[in-house]
Amino acid sequence: MNIKIYPAPVLLKKATPVKEITDEIRKTLDEMLELMYEINGVGLAAPQVGISKRMLVIDTARVDEGETKRPIKMINPKITKLSKEECECEEGCLSLPEIYREVKRPCEVTVEYTDENGKPQKLTADELLGRAIQHEIDHLNGVVFIDHLSALKKKMAVSRLEKIIKKYLES
Ligand code: NI
(Lines give C-alpha, C1' and ligand atoms only; values in the text may rest on other atoms or scores of the structure.)
Protein backbone atom coordinates (compact mmCIF):
# COMPACT_ATOMS: atom_id res chain seq x y z
CA MET A 1 0.00 0.00 0.00
CA ASN A 2 1.40 3.38 -0.99
CA ILE A 3 0.13 6.95 -1.37
CA LYS A 4 -0.96 8.06 -4.82
CA ILE A 5 0.24 11.53 -5.69
CA TYR A 6 -1.90 14.14 -7.48
CA PRO A 7 -2.84 14.06 -10.38
CA ALA A 8 -2.97 10.23 -10.35
CA PRO A 9 -6.16 9.25 -12.28
CA VAL A 10 -7.62 7.37 -9.27
CA LEU A 11 -7.66 10.69 -7.37
CA LEU A 12 -9.68 12.39 -10.10
CA LYS A 13 -12.57 9.97 -10.43
CA LYS A 14 -15.67 9.20 -8.37
CA ALA A 15 -15.22 6.10 -6.22
CA THR A 16 -17.86 3.35 -6.19
CA PRO A 17 -19.92 2.32 -3.13
CA VAL A 18 -18.81 -0.62 -1.00
CA LYS A 19 -21.43 -3.33 -1.65
CA GLU A 20 -20.52 -5.75 1.12
CA ILE A 21 -18.38 -5.29 4.23
CA THR A 22 -16.07 -8.26 3.99
CA ASP A 23 -12.97 -9.21 5.99
CA GLU A 24 -11.00 -7.91 3.01
CA ILE A 25 -12.63 -4.47 3.41
CA ARG A 26 -11.93 -4.47 7.18
CA LYS A 27 -8.32 -5.46 6.54
CA THR A 28 -7.89 -2.69 3.99
CA LEU A 29 -9.28 -0.11 6.44
CA ASP A 30 -6.86 -1.33 9.14
CA GLU A 31 -3.94 -1.10 6.72
CA MET A 32 -5.01 2.41 5.72
CA LEU A 33 -5.08 3.46 9.39
CA GLU A 34 -1.66 1.93 9.99
CA LEU A 35 -0.20 3.76 7.00
CA MET A 36 -1.88 7.01 8.06
CA TYR A 37 -0.37 6.82 11.57
CA GLU A 38 3.03 5.96 10.11
CA ILE A 39 3.11 9.14 8.02
CA ASN A 40 1.34 11.33 10.60
CA GLY A 41 -1.80 11.93 8.58
CA VAL A 42 -5.16 13.00 10.02
CA GLY A 43 -7.24 11.27 7.34
CA LEU A 44 -6.87 8.92 4.41
CA ALA A 45 -9.42 8.01 1.74
CA ALA A 46 -9.25 4.72 -0.19
CA PRO A 47 -8.57 6.39 -3.59
CA GLN A 48 -5.38 7.81 -2.05
CA VAL A 49 -4.01 4.27 -1.85
CA GLY A 50 -5.29 3.39 -5.33
CA ILE A 51 -8.60 1.80 -4.25
CA SER A 52 -11.58 3.45 -5.90
CA LYS A 53 -14.09 2.57 -3.17
CA ARG A 54 -16.17 4.84 -0.93
CA MET A 55 -14.41 4.38 2.38
CA LEU A 56 -12.02 6.37 4.53
CA VAL A 57 -10.25 6.56 7.87
CA ILE A 58 -9.77 9.58 10.15
CA ASP A 59 -8.06 10.19 13.48
CA THR A 60 -7.72 13.76 14.70
CA ALA A 61 -6.14 12.80 18.05
CA ARG A 62 -2.71 14.35 18.64
CA VAL A 63 -0.97 11.06 19.29
CA ASP A 64 2.42 12.81 19.23
CA GLU A 65 1.22 14.94 22.18
CA GLY A 66 0.15 11.91 24.21
CA GLU A 67 -3.52 11.78 23.25
CA THR A 68 -5.15 8.36 22.90
CA LYS A 69 -5.95 7.25 19.36
CA ARG A 70 -9.54 7.86 18.18
CA PRO A 71 -9.77 6.01 14.87
CA ILE A 72 -12.94 6.45 12.79
CA LYS A 73 -13.62 4.16 9.82
CA MET A 74 -16.36 5.26 7.45
CA ILE A 75 -17.90 3.15 4.71
CA ASN A 76 -20.18 4.79 2.13
CA PRO A 77 -20.29 8.11 4.03
CA LYS A 78 -22.89 10.64 3.02
CA ILE A 79 -23.05 14.27 4.12
CA THR A 80 -26.61 14.99 5.25
CA LYS A 81 -26.13 18.50 6.63
CA LEU A 82 -23.68 21.38 6.24
CA SER A 83 -23.73 24.58 8.28
CA LYS A 84 -24.34 27.86 6.48
CA GLU A 85 -21.47 29.38 8.39
CA GLU A 86 -18.10 28.87 6.75
CA CYS A 87 -14.62 28.70 8.27
CA GLU A 88 -11.27 29.23 6.60
CA CYS A 89 -8.34 27.08 7.67
CA GLU A 90 -5.07 25.78 6.28
CA GLU A 91 -5.23 22.31 4.76
CA GLY A 92 -2.72 19.85 3.43
CA CYS A 93 -3.04 16.42 1.87
CA LEU A 94 -0.86 13.31 1.80
CA SER A 95 -1.44 13.19 -1.98
CA LEU A 96 -0.14 16.76 -2.41
CA PRO A 97 3.08 16.74 -0.38
CA GLU A 98 4.29 20.05 1.07
CA ILE A 99 1.31 22.01 -0.29
CA TYR A 100 -0.65 23.92 2.35
CA ARG A 101 -3.39 26.39 1.48
CA GLU A 102 -6.25 28.18 3.21
CA VAL A 103 -9.57 26.55 2.29
CA LYS A 104 -13.06 27.83 3.10
CA ARG A 105 -15.63 25.19 4.05
CA PRO A 106 -18.83 24.91 6.12
CA CYS A 107 -17.80 24.92 9.81
CA GLU A 108 -20.03 22.01 10.78
CA VAL A 109 -20.97 18.82 8.99
CA THR A 110 -23.31 15.92 9.70
CA VAL A 111 -22.38 12.63 8.08
CA GLU A 112 -24.12 9.27 7.96
CA TYR A 113 -22.06 6.18 7.25
CA THR A 114 -21.72 2.47 7.90
CA ASP A 115 -19.02 1.32 10.32
CA GLU A 116 -16.78 -1.71 9.79
CA ASN A 117 -19.32 -3.93 11.60
CA GLY A 118 -22.10 -2.93 9.21
CA LYS A 119 -23.81 -0.66 11.75
CA PRO A 120 -25.25 2.66 10.56
CA GLN A 121 -23.67 5.66 12.29
CA LYS A 122 -24.34 9.38 12.38
CA LEU A 123 -21.83 12.00 13.40
CA THR A 124 -21.92 15.78 13.65
CA ALA A 125 -18.53 17.48 13.85
CA ASP A 126 -16.84 20.86 13.54
CA GLU A 127 -13.28 22.19 13.81
CA LEU A 128 -10.54 19.79 12.68
CA LEU A 129 -12.76 16.69 12.58
CA GLY A 130 -15.50 18.45 10.63
CA ARG A 131 -12.93 19.69 8.14
CA ALA A 132 -11.23 16.28 7.82
CA ILE A 133 -14.58 14.58 7.12
CA GLN A 134 -15.32 17.03 4.30
CA HIS A 135 -11.78 16.78 2.90
CA GLU A 136 -11.82 12.96 2.87
CA ILE A 137 -15.32 12.67 1.40
CA ASP A 138 -14.17 15.04 -1.36
CA HIS A 139 -11.54 12.41 -2.26
CA LEU A 140 -14.36 9.88 -2.85
CA ASN A 141 -15.78 12.28 -5.41
CA GLY A 142 -12.52 12.91 -7.25
CA VAL A 143 -12.04 16.29 -5.56
CA VAL A 144 -8.84 17.51 -3.87
CA PHE A 145 -8.56 20.52 -1.58
CA ILE A 146 -6.92 22.76 -4.17
CA ASP A 147 -10.08 22.38 -6.28
CA HIS A 148 -11.67 24.74 -3.72
CA LEU A 149 -9.23 27.53 -4.62
CA SER A 150 -9.60 30.09 -7.40
CA ALA A 151 -8.40 28.88 -10.84
CA LEU A 152 -5.25 31.01 -10.54
CA LYS A 153 -4.40 29.87 -7.01
CA LYS A 154 -4.98 26.24 -8.02
CA LYS A 155 -2.68 26.64 -11.04
CA MET A 156 0.04 28.09 -8.80
CA ALA A 157 -0.34 25.24 -6.31
CA VAL A 158 -0.11 22.63 -9.09
CA SER A 159 3.06 24.16 -10.50
CA ARG A 160 4.57 24.31 -7.00
CA LEU A 161 3.68 20.62 -6.52
CA GLU A 162 5.34 19.74 -9.86
CA LYS A 163 8.54 21.39 -8.63
CA ILE A 164 8.39 19.53 -5.31
CA ILE A 165 7.86 16.17 -7.05
CA LYS A 166 10.74 16.90 -9.44
CA LYS A 167 12.97 17.66 -6.46
CA TYR A 168 11.97 14.33 -4.82
CA LEU A 169 12.70 12.40 -8.01
CA GLU A 170 16.12 14.02 -8.37
CA SER A 171 17.22 13.35 -4.80
NI1 NI B 1 -6.33 14.58 1.16
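The values are calculated or read from the model by the stated rules, or taken from the named source; none is laboratory data. Quantities reported herein were computed from a predicted structural model and do not represent experimental measurements. So basically every Cβ, Gly included, is an ideal-geometry build from the backbone, and we count neighbours across all protein chains shown. The protein model used for the area step is the full one, side chains on, heavy atoms only, and it has no ligands, DNA or RNA in it. Shrake-Rupley method; radii C 1.70, N 1.55, O 1.52, S 1.80 Å.
Normalised by the number of residues in the stretch 9-170, the mean separation of alpha-carbon contacts (under 8 Å, six or more apart) gives a relative contact order of 23 percent.
Ranking 123, 96 by solvent-accessible area of protein heavy atoms (1.4 Å probe, all protein chains present), from largest to smallest, gives 123, 96.
Of the GluC sites (Glu not before Pro) found in the stretch 83-171, the ones in coil according to DSSP and having at most 10 other Cβ atoms within 10 Å of their Cβ are 85. Taking a straight Cα-Cα cut-off under 19 Å and skipping sequence neighbours fewer than 8 places away in the same chain, the aspartates and glutamates within cross-link reach of residue 69 are 30, 31, 34, 38, 59, 115, 116, 126, 127, 136.
Converting the Cα gyration tensor eigenvalues of the stretch 9-170 into ellipsoid dimensions via √(5λ) gives semi-axes, longest first, of 24, 19, 16 Å.
Can you work out the accessible area per residue across the stretch 12-171, with the rest of the protein chains kept in place, probe 1.4 Å, in square angstrom? Could you put the intermediate results ahead of the total?
On the way: 9270 Å² over 160 residues.
On a per-residue basis, 58 Å².
In the stretch 1-68, which GluC sites (Glu not before Pro) fall in coil by DSSP and have 16 or fewer other Cβ atoms within 10 Å? The qualifying sites are 20, 67. Share of pairwise Cα-Cα distances greater than 15 Å in the stretch 1-60 is 47 percent (whole percent).
Measure off, as a whole percent, the carbon and sulfur share of the 1.4 Å-probe accessible area of the chain, all protein chains present. Don't skip to the end; give the middle numbers.
Numbers: 4960 of 9890 Å².
That share works out to 50 percent.
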